[in-house]
Amino acid sequence: MLNKIKIMIIEDEDAISNFVATTLKANTYAPLVAKTASEALSMIPSHCPDLVLLDLGLPDMDGIEILKKIREWSSTPVIVVSARGEESDKVEALDLGADDYIAKPFGTSELLARIRTALRHSMKNTSGVTTTDVFRTKGLVIDFDKRLVSVEGKDVHLTQIEFKIVSLLAKSAGRVLTYDFIITELWGPYAVKDNQILRVNMANIRRKLEKNPASPEYIFTEVGVGYRMVDEP
Amino acid sequence: MKKRIFKSIKNYNINKLFQDFIKTLAVYLVATGCALALNAAAVMNDNIFGVYMLAVAIISVTTESYIWGVLASIGGVIGVNFFFTFPYFALNFSIAGYPVTFMIMLLMSVLASFLTAKVKFAAIISAEGKKRAETLTEMSQAMLTAGDYDTIAELAAEYLSKTNMCSVVVYLGPPMQSEIIKFKTVNETDEIILNSVLEQQVALSAYESDKPVGADINEGSQNCKGTYFPIRTPDFQYGVVGFLFDDKKVILKDMYSYIDVMISQTILALQKQQMTEQAQQILLETEKEKMRSNLLRAVSHDLRTPLTGIVGSASTLIENEDRIDREVGRKMLTDIQQDAEWLIHMVENLLSVTRISGGTTSLKKQDEIVEEVVSEAVLRIRKRFPNSKIDVTVPDELLIVPMDATLIEQVLINLMENSIRHSDSPLPISLKVSGKKSGAVFTISDQGKGIDPSRIPDIFDGKANKGSSDSSRGLGIGLSICKSIILAHDGKIFAENNINGGAKFTFVLPMKGDNDYA
C-alpha cells in the first residue's frame, strides 16, 4: 500500500472530521482534513486528493461556491455532505457536478459505500475504459448492446424510453441521478423540466422490474432529488 | 318597469288576441240576438240596454285586455242605435239625449272592464305571491342544509332560474377569476352567452358597484344581454348573480324586489357558511396550539433522558477507562449509540413541527407518487431496525397525492416505529395504501398487544402515558406530530384495535381536486 487513496475532508465540526478520518484510516484511505473553505482551496492543488468530502455548511464560504471553484479546474469526485431535508441544496450540488451526496446523520458503512462507488466511477472515466456491455446486480441483468433486460432469468419488456432510463441509471449505478439530469440526458437540454413524465415512466419501470414497487430492490427513489440504481454485485 | 309592461302588452300573444276577439264577437252577437228577440216580443224596450250592459260585463270578465270591454260598449251603443231606435237599421246619433246614453254606457263598461282587470291582476299577484312564499321557504330550507359554498351557489342559481324562468349564472368571488361559477340555463346557447368576455366584464362591474348593472337596467348603454345583481352586504362582497331575461315573458312589477329577497337569502346562507368555517378554523388553530404546547412539554422530558444517558455513559467510560472490562464498555457504547440515534429521530420530528408551525400556507405540497414516499420511509425504518419485518402493499394503479413528502415520510416512520417498539410482537407489521374515493388511505397495523382502549380517544394529543416510563417515551410526541402533519394536509388520522388483536393506525390524505372553495 504505497499509494494510499487520498481523501480530503472539508468539515468545520471537529467531532465529525475526527470520526470520519479515523474510519477512513481504518479502511486504508489517507485522510486530509480542512476546516475552512480557504484552507481547502489551498490544499487541493498541492495534495491532489482522489476524492473530496464536502460539507455544505462551512463558516467562511458556501459549500456550493467551493464546489463551483473545484469544478472549474478539476474533475476530482466530490461527495457532498448535507443535513437531511434540504432537498434543493442537494439537487443544486448534484447539478453543479457533485458526484453524490450523503445526508447527515450518516453511518460509517453508508459513507464507505458512497466513497467506493464514487472512486470506481472516477477510475472508469479517467482510465478511459469503456463501460462494460452487460450490467449485473442481484437478479437484474442489463445487456446494453442487445438492449435486453432480464430479472432473475426472465426477460422484461421495456419501452424505448424506459430502457434509456434504466440503462442511464445502471451506467451510474450507486450514484443518485437528479430528475433534471435524467430529463436532459433523455429529452435534450431544451426539454421542459417537468419531472412528472419521468416519474410516471419510473413508476411503470418499477412495476416491470420490482416484485413489490413499494419495497424496491433495484431502483431507489430519493424523494425530491432523483433516483439511484442499486450497486451490489 | 312600466315600459316593460307596455312592451309586453304590445307583444301580446297573437293567438290569445284572436281568441279574445272571437269571444267578444260571439258574446256581442248573442246579446244582439237576445235584444232582437226581446224587441220582437215587445217585452219592455228598456231592457235592451240591460242586455248590452250584461254583454259588456261578460266580455270584460272573460277577456284579458280591457280594450275588448271598451270595444263591446261602443258596439253596444252602435247596436242599440242601429237596431232599436228610430230610424231602424240605420245609424242616427242626432236623437235627443242620445250622447248622454252613449256616454253613460261607455263609462259603465270601461269601469266594469277596469274593475275586472284589477281583480284579475290581484288574483295573479296573490297566486304569484303564494308561489313565491313557497319557493322562498323551499330555498331557505335547502340552503340551510347546504354544507359548502358550492352547494349554496348551485341552489341560488337553481331557484333564481326557476322563479324568473330564465337562465342564471352565479359567481362567488369576483367574476373572471371566480373559483365557483354555477350556471342554470334554460337553453344551451345561454351558457355561451353568459360566459362571453363582455358579459363577464359587466358582471365584474356589478361586483364592484353596489347596484344592479346590465341590459335591463341601463338599456342601450351596454351591448350585453344579461342583467347582473351584486351579492353583497355593506361590508363584504360575495359575488354576482346574472340573469338572461327573456323579452317575451311578462315580468311582474315587483320582480326586482323579489330577486333582492332571494339574494338576501343567499347572503344569509353564505354568511352562515363563512361563520362555520371561521369557527372551524379557530377550533383547528386552538387544537394546533394545544398540540404544540403539549409537544414542548413532552419534548423537554424526552430529550433530557437520553442526553443524561449519553453524558453519563461517556463520562464513565472516560473516567474509568482502565477499570471497565471490555464487555461492559461495549454495552455502554451501544447505549450511547442508541440514545443518540433516538435523539436524531426526535430532532427530525421537531424539525417537521417547525415546517408546519407556520400554518397550512407554509406547507409545500407537491404531487407525489405514493409508492416512492412509502418506499423511502420503509427503507429508512429498515436501516434503523434491521430485524423488523414489514409487509408493504401499494395499489397497482399509480396513486398521485399532493403532499409534503418529507412530512408524510415522517408520519409513516413514526407510525411504523411505534408499531415496532410498542407492539411487543415479533410478527411482521403491515403497511398498506389504497386509493379510495375519500382519498389515499394509509394503514399501518401490527399483530401485537394493541392499544389500551382508554387511551384511544386522546392517543394523538401528545400526553405522556399515565404510568409514564422511559420505555414508552416518545410515543406521545411521535403520534401528536403525526396528527399535526395530517391535519395540516387536511387529512384525517385515527387509531383503533384490530379485531384479531394488534393496533391499527389509519390516515387519509385528500387526493387532487378534493379541495373545497375556501
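The values are calculated or read from the model by the stated rules, or taken from the named source; none is laboratory data. Here the structure is a predicted model, which means the values were calculated and not measured. When we count neighbours, we look across all protein chains shown, and the Cβ atoms used for this are built from the backbone with ideal geometry, even at glycine.
For segment B:506-513, does any single residue satisfy the condition of being over 26 Å from B:LYS364 (Cβ atoms) and either at pLDDT below 85 or not assigned by TED's automatic domain parsing to the domain that holds B:GLY173 (or both)? The answer is no, given that none of the residues of segment B:506-513 is over 26 Å from B:LYS364 (Cβ atoms) and either at pLDDT below 85 or not assigned by TED's automatic domain parsing to the domain that holds B:GLY173 (or both). In segment A:169-182 there is no residue that is small (Gly, Ala, Ser) and within 11 Å of chain B (Cβ to nearest Cβ). Of all the numbered requirements in (1) farther than 22 Å from B:GLN271 by Cβ; (2) modelled with pLDDT under 80, B:SER178 misses one, and that requirement is (1). Within segment A:74-87, is even one residue assigned to a helix (DSSP H, G or I), within 14 Å of chain B (Cβ to nearest Cβ) and either in contact with a strand residue (DSSP E or B) (Cβ under 8 Å, 6 or more places away or on another chain) or surrounded by 15 or more Cβ atoms within 10 Å (Cβ to Cβ) (or both)? Yes, there is a match, as at least one residue in segment A:74-87 is assigned to a helix (DSSP H, G or I), within 14 Å of chain B (Cβ to nearest Cβ) and either in contact with a strand residue (DSSP E or B) (Cβ under 8 Å, 6 or more places away or on another chain) or surrounded by 15 or more Cβ atoms within 10 Å (Cβ to Cβ) (or both).
Which residue out of B:GLN278, B:GLN337 is out of contact with any Cys (no Cβ under 8 Å at 6 or more places or on another chain) and either outside any helix (DSSP H, G or I) or closer than 27 Å to B:GLN410 by Cβ (or both)? Steps first, answer last, please.
Numbers: B:GLN278 fails: either outside any helix (DSSP H, G or I) or closer than 27 Å to B:GLN410 by Cβ (or both).
Going through B:GLN278, B:GLN337 in turn, the sole match is B:GLN337.
What do you reckon, is A:GLU162 in contact with a helix residue (DSSP H, G or I) (Cβ under 9 Å, 6 or more places away or on another chain), of a type in the set (D, E, K, R) and within 14 Å of chain B (Cβ to nearest Cβ)?
No; evaluated as a whole, the condition is false for this residue.
The criterion of being among the hydroxyl-bearing types (Ser, Thr, Tyr) and either in contact with a Lys or Arg (Cβ under 7 Å, 6 or more places away or on another chain) or more than 14 Å from every other protein chain (Cβ to nearest Cβ) (or both) holds for A:THR117.
If you go through segment A:25-38 and keep only what is in contact (Cβ under 8 Å) with a residue 24 or more places away in the chain and assigned to a helix (DSSP H, G or I), you end up with just A:ALA37. When we screen B:THR101, B:THR137, B:THR85 for residues that are loosely packed, with under 14 Cβ neighbours inside 10 Å and either over 15 Å from B:TYR66 (Cβ atoms) or not assigned by TED's automatic domain parsing to the domain that holds B:ASN39 (or both), the only hit is B:THR137. Checking each residue in segment A:186-209 for being surrounded by 15 or more Cβ atoms within 10 Å (Cβ to Cβ) and either more than 9 Å from every other protein chain (Cβ to nearest Cβ) or farther than 23 Å from B:VAL392 by Cβ (or both) picks out A:LEU186, A:TRP187, A:ASN195, A:LEU198, A:ASN201, A:ILE205, A:LYS208, A:LEU209. Of a type in the set (Asp, Glu) and part of a helix (DSSP H, G or I) - does that describe any residue in segment B:129-139? Taking every residue of segment B:129-139 in turn, at least one turns out to be of a type in the set (Asp, Glu) and part of a helix (DSSP H, G or I). In the set B:SER388, B:SER419, only one residue is crowded, with 16+ Cβ neighbours inside 10 Å, within 13 Å of chain A (Cβ to nearest Cβ) and at pLDDT 85 or above; that residue is B:SER388. Counting the residues of segment A:104-126 that are assigned to a helix (DSSP H, G or I), hydrophobic (A, V, I, L, M, F, W, C) and either at pLDDT below 85 or touching a helix residue (DSSP H, G or I) at 6+ places or on another chain (Cβ under 9 Å) (or both) gives 4.
Yes or no: segment B:167-188 includes at least one residue that is in a helix (DSSP H, G or I), within 21 Å of the chain's Cα centre (by Cα) and surrounded by 17 or more Cβ atoms within 10 Å (Cβ to Cβ). No, every residue in segment B:167-188 fails to be in a helix (DSSP H, G or I), within 21 Å of the chain's Cα centre (by Cα) and surrounded by 17 or more Cβ atoms within 10 Å (Cβ to Cβ).
Determine whether B:LYS383 is in a loop (DSSP other than H, G, I, E, B) and at pLDDT below 90.
In short, no.
Is it true that A:ARG228 is at pLDDT 90 or above, within 14 Å of chain B (Cβ to nearest Cβ) and closer than 26 Å to A:ILE79 by Cα?
Criteria met by A:ARG228.
Picking from residues in segment B:391-405 that are among the aliphatic types (A, V, I, L, M) and either touching an Asp or Glu at 6+ places or on another chain (Cβ under 6 Å) or more than 10 Å from chain A (Cβ to nearest Cβ) (or both), the one that is nearest to A:LYS208 (Cα to Cα) is B:VAL394. Any residue in segment B:448-463 that is at pLDDT below 80, exposed (fewer than 13 other Cβ atoms within 10 Å of the Cβ), in the same structural domain as B:ASP396 (by TED's automatic domain parsing) and farther than 16 Å from B:LYS504 by Cα? No - not one qualifying residue is present in segment B:448-463.
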